[in-house]
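> Got a structure here, written out as C-alpha cells. Questions coming.
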Amino acid sequence: MKKFLTVVALILWSGIAAAQHSHGSMKGPNGGPMQDVAGVHAELLVAGNVVTINLFDEGNKPISARGFSGSVLLVSGSSRETVQLAVSGDNALKGEAKNAVAAGTQTTLVLKNAAGRSGQVKF
C-alpha cells in the first residue's frame, strides 16, 4: 500500500510540475500561436503555402535555428501533407506546402534540436 501511495504521489507531483511549466498556447512576438517543444518556444506563422517556425528561448528572445530540423503535418479534412522544414535566416525554419494552407488546418510540428532532443506539438 505504501508503494502504491508513493507512486500516486509521484504521478500527481510530476503532473503539477509539468502544468506549472506549460505555457499552453500563447501568442508569439510575431502574432502567431506559440508552444513549448524540444526545449524552445516555437511560433507558427503561415502565409499562403509557406510555413514558418520561429524559435525563441524562455525569455522570448530569438535563438539560432542552426542545428535544428523538423517537419509539420498539415491536416485539413481528408487532406494530409507533410512539409519538411529547413533553416531560413537566423531563428527560423521554413517549408512550402503544395497548396495554400487553409484557415483551421490542424498543424503538428515535429522538432529536433542540435543536441538531439526532439518533441512534437499541435497548433
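The values are calculated or read from the model by the stated rules, or taken from the named source; none is laboratory data. Just so we're clear, the structure is a prediction, and the values are computed from it rather than from any experiment. Ideal geometry is used to build each Cβ from the backbone, glycine not excepted, and the neighbour counts take in all protein chains shown.
> Could you tell me which of the residues Ala102, Ala18 is in a loop (DSSP other than H, G, I, E, B) and at pLDDT below 95?
Ala102 is the lone residue from the list that is in a loop (DSSP other than H, G, I, E, B) and at pLDDT below 95.
> Return the residues of segment 105-116 that are farther than 17 Å from Gly32 by Cβ and modelled with pLDDT of 95 or more; say none if nothing qualifies.
Val110, Lys112
> Those residues that are in contact with a Pro (Cβ under 7 Å, 6 or more places away or on another chain) and surrounded by 15 or more Cβ atoms within 10 Å (Cβ to Cβ), I need them from segment 56-81; list them, please. Can you show your working first?
Residues of segment 56-81 that are in contact with a Pro (Cβ under 7 Å, 6 or more places away or on another chain), as a first pass: 56, 60.
Answer for segment 56-81, where residues must be in contact with a Pro (Cβ under 7 Å, 6 or more places away or on another chain) and surrounded by 15 or more Cβ atoms within 10 Å (Cβ to Cβ): just Phe56.
> Next up: If you check Gly70, Gly119, Gly95, which single one turns out to be among the small types (Gly, Ala, Ser), assigned to a strand (DSSP E or B), closer than 19 Å to Asn30 by Cα and modelled with pLDDT of 95 or more?
Exactly one of Gly70, Gly119, Gly95 is among the small types (Gly, Ala, Ser), assigned to a strand (DSSP E or B), closer than 19 Å to Asn30 by Cα and modelled with pLDDT of 95 or more, namely Gly95.
The rows are residues; the columns are (1) touching a strand residue (DSSP E or B) at 6+ places or on another chain (Cβ under 7 Å); (2) at pLDDT 95 or above; (3) charged (D, E, K, R).
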site: Val8; (1), (2), (3): no, no, no
site: Ser14; (1), (2), (3): no, no, no
site: Ala38; (1), (2), (3): yes, no, no
site: Glu43; (1), (2), (3): yes, yes, yes
site: Val50; (1), (2), (3): yes, yes, no
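> Related question: Taking the conditions exactly as written (of a type in the set (D, E, K, R) and either surrounded by fewer than 15 Cβ atoms within 10 Å (Cβ to Cβ) or in contact with a helix residue (DSSP H, G or I) (Cβ under 6 Å, 6 or more places away or on another chain) (or both)), does Asp90 satisfy them or not?
Working: of a type in the set (D, E, K, R): yes; either surrounded by fewer than 15 Cβ atoms within 10 Å (Cβ to Cβ) or in contact with a helix residue (DSSP H, G or I) (Cβ under 6 Å, 6 or more places away or on another chain) (or both): yes.
Judged against the criteria, Asp90 is a match.
> Given the residues Gln35, Gln84, Gln106, Gln120, which is the only one that is surrounded by fewer than 16 Cβ atoms within 10 Å (Cβ to Cβ), of a type outside the set (Gly, Ala, Ser), at negative phi and under 10 Å from the mean Cα position of the chain (by Cα)?
Details: Gln35 fails: surrounded by fewer than 16 Cβ atoms within 10 Å (Cβ to Cβ); Gln84 fails: under 10 Å from the mean Cα position of the chain (by Cα); Gln106 fails: under 10 Å from the mean Cα position of the chain (by Cα).
Result of the check over Gln35, Gln84, Gln106, Gln120: Gln120.
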